[in-house]
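The structure appears right after this line, and notes come after that.
The values are calculated or read from the model by the stated rules, or taken from the named source; none is laboratory data. None of these values were measured; they are calculated from a predicted model. With ideal geometry, Cβ positions are generated from the backbone for all residues, glycine too; neighbour counts draw on all protein chains shown.
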Amino acid sequence: MNHDFREELKTLGLKATPRRLAILQALAGSSIYLSAEEVWAKVKEGSREAGLPTIYRNLEELAAGGLLSKVLHPDRKLYYYLCQNKGHHHHFVCIACRRVEDIGTCALDAISREIRETFRGKVLSHTFQVEGLCEDCCHKEEIKDR
Ligand SMILES: [Zn+2]
Ligand SMILES: [Zn+2]
Ligand SMILES: [Zn+2]
């Protein structure tokens with residue numbers, strides 16, 4: 001996969017450094033969400049070495065800019081995922097095999113109304129992620145349960 005992230009970095013006001021590009025390529029080439037350590041290992045395969053704290057900082061920058069999504073996992077480790085779907089949507093993440101599915105439904109309208117009516121406030125942004133088991137992993141659970 002050779003998507004060019006230079007333009008996207010530019011719109012975020014971030015320089016397209018070889019490390020940032022390597023991180024984005026590593027995540028773009030993965031169909032599952034990755035931990036910072038795993039991204040680090042993939043980036044290290046390239047020639048440029050960077051410490052894990054640097055990779056963390058870069059990942060956080062890219063996530064803050066909206067290029068990456070952060071995945072909250074019950075194991076409390078931080079994971080990152082690069083989704084090519086640029087429209088507003090949310091993620092259903094499998095906690096077993098780390099697959100990510102896009103959810104098109106967003107309950108923001110109902111929530112905004114409640115915030116407006118109950119708290120007299122205004123919603124500026126929101127994050128929403130659903131954790132669970134994907135179809136394949138559900139089948140595996142069934143086999144185990146028998
Ligand atoms: Zn799964
Ligand atoms: Zn997505
Ligand atoms: Zn939403």
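Any idea which of 9, 52, 27, 14 is under 27 Å from residue 134 (Cα atoms) and touching a helix residue (DSSP H, G or I) at 6+ places or on another chain (Cβ under 8 Å)? Explain how you work it out, then say what you get.
On the way: 9 fails: under 27 Å from residue 134 (Cα atoms); 52 fails: under 27 Å from residue 134 (Cα atoms); 14 fails: under 27 Å from residue 134 (Cα atoms).
Criteria check complete, one pass: 27.
Being within 27 Å of residue 5 (Cα to Cα), within 16 Å of ligand 1 (Cβ to nearest atom) and out of contact with any Lys or Arg (no Cβ under 6 Å at 6 or more places or on another chain), is that true of even one residue in the stretch 105-127?
No; the residues of the stretch 105-127 include none that is within 27 Å of residue 5 (Cα to Cα), within 16 Å of ligand 1 (Cβ to nearest atom) and out of contact with any Lys or Arg (no Cβ under 6 Å at 6 or more places or on another chain).
Output the helices (runs of 4 or more DSSP H) that fall wholly within the stretch 1-69 and possess 1 or more residues being surrounded by 13 or more Cβ atoms within 10 Å (Cβ to Cβ), touching a residue at least 24 places away in the same chain (Cβ under 8 Å) and touching a His at 6+ places or on another chain (Cβ under 7 Å), or say none. Walk me through how you get there before you give the answer.
Working: elements: 6-11, 18-28, 36-45, 52-64.
Correct list: 18-28.
Select the strands (runs of 3 or more DSSP E) contained entirely in the stretch 76-139, then report the ones holding at least 3 residues which are surrounded by 11 or more Cβ atoms within 10 Å (Cβ to Cβ), within 16 Å of ligand 3 (Cβ to nearest atom) and without any contact (Cβ under 8 Å) to a residue 40 or more places away in the chain. Walk me through how you get there before you give the answer.
Details: elements: 78-81, 90-94, 100-103, 129-132.
Passing ranges, in order: 100-103.
Could you tell me which of the residues 54, 127, 105 is under 14 Å from the mean Cα position of the chain (by Cα), hydroxyl-bearing (Ser, Thr, Tyr) and modelled with pLDDT under 95?
Values: 54 fails: under 14 Å from the mean Cα position of the chain (by Cα); 105 fails: under 14 Å from the mean Cα position of the chain (by Cα).
127 is the lone residue from the list that is under 14 Å from the mean Cα position of the chain (by Cα), hydroxyl-bearing (Ser, Thr, Tyr) and modelled with pLDDT under 95.
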